[in-house]
Every structure is written in C-alpha cells, then in structure tokens.
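Nothing in this text is a laboratory measurement; each read-out follows from the coordinates by a stated rule. Just so you know, these numbers come straight off a predicted model, no measurement behind them. In this analysis, Cβ positions are derived from the backbone assuming ideal geometry, glycine residues included, and neighbour counts consider all displayed protein chains.
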Amino acid sequence: MDIKTEHKEGVLVFHLNGNLLGEHANAPVMEKLKESLDAGNNKVLFNLQDLKFINSTGLGMLLTALTKSRNAGGEMTLVNIPEQMNKLLVMTKLMDIFSINSSEEEGIAFLKKA
C-alpha cells in the first residue's frame, strides 16, 4: 500500500495505491488523519482511483475515518471508486453512509460546502 497525502484548498487528500487490507496499511492513514484533525483540518477526501483491492478491515478503516471527521465537525468524501469497491459498498449497504463524488474537483467543492 502506497499512501500519498496533500492539502488542497483546506482539504486533506489521501491518494491510496495498492491493497487496503490490514493494520499495516491502516495505521499510517489513521495517524495522518489524527494529525490533520488535531490541527483543525476536518475536511477529508480519499481518492481511490489507484486502489486495487479492499477488504472488510480496509472498509472499517474508512468508516472510522468518516466517524472521526464528523465527530471533529467536518466531513469526508470518497472519489474515483473502483468497480470492485463500488460493489462492496452496495452489498454492505454503505453507499448511503459515505459521501461519494465522481472526481477530486467535485469532492473538494462538496467538502467546501459541507
């Protein structure tokens, strides 16, 4: 799992590349998220364009990130969701829980209004 982060227009953007499967992948994401929330940056975007595979542990991490963002008075969105993950979100009925946008630009615009 390769994780890149950047700040764009007040939004913490995560670029996840590879497989989101377990604690070794989740820990750095949660650490970076905590740093951002502690600094008062509570708008988070996960760009999943290069995500190859996600399992229940990875999905749990995204739910935790969503909860932490909202508890901090912010919001989170997912963009560029791969087909495999889209099916998983539909099967688990999580499509209605996550805010989903088709592009990074749309996601940032959504978060600026949230």
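Out of segment 56-114, which trypsin sites (Lys or Arg not before Pro) are coil in DSSP terms and have no more than 11 other C-beta atoms within 10 Å? Listed in order of number, the matching sites are Lys93. At an R0 of 41 angstrom, the distance between the Cβ atoms of Gln84 and Asp38 translates into a FRET efficiency of 0.80.
Seen from Glu105, the other residues with C-beta closer than 15 Å to its C-beta sum to a net charge of 0, counting Lys and Arg as +1 and Asp and Glu as -1. Mean Kyte-Doolittle of at least 0.0 plus a Cα span of 18 Å or more along the axis: flag which DSSP H helices in the chain meet both, please. Span-like helices, by this rule, are 56-71. Running a GNM on the chain with Cα contacts under 10 Å, which residue among Leu94, Leu62, Leu12 ends up with the highest mean-square fluctuation? Sorting by GNM fluctuation, first place goes to Leu94. Here Kirkwood radius over Cα pairs in Å was calculated from the structure, and among (1) 13.8; (2) 14.3; (3) 15.3 it sits at label (1).
GNM remark for the chain: springs join alpha carbons under 10 Å apart, and the peak mean-square fluctuation among Ile81, Ile54, Ile97 falls on Ile97. Close Lys pairs in the chain, defined as Cα atoms under 19 Å apart and 8 or more places apart or on different chains, number 19. Among beta bridges identified by DSSP and lying wholly in segment 2-113, the antiparallel ones come to about 30 percent.
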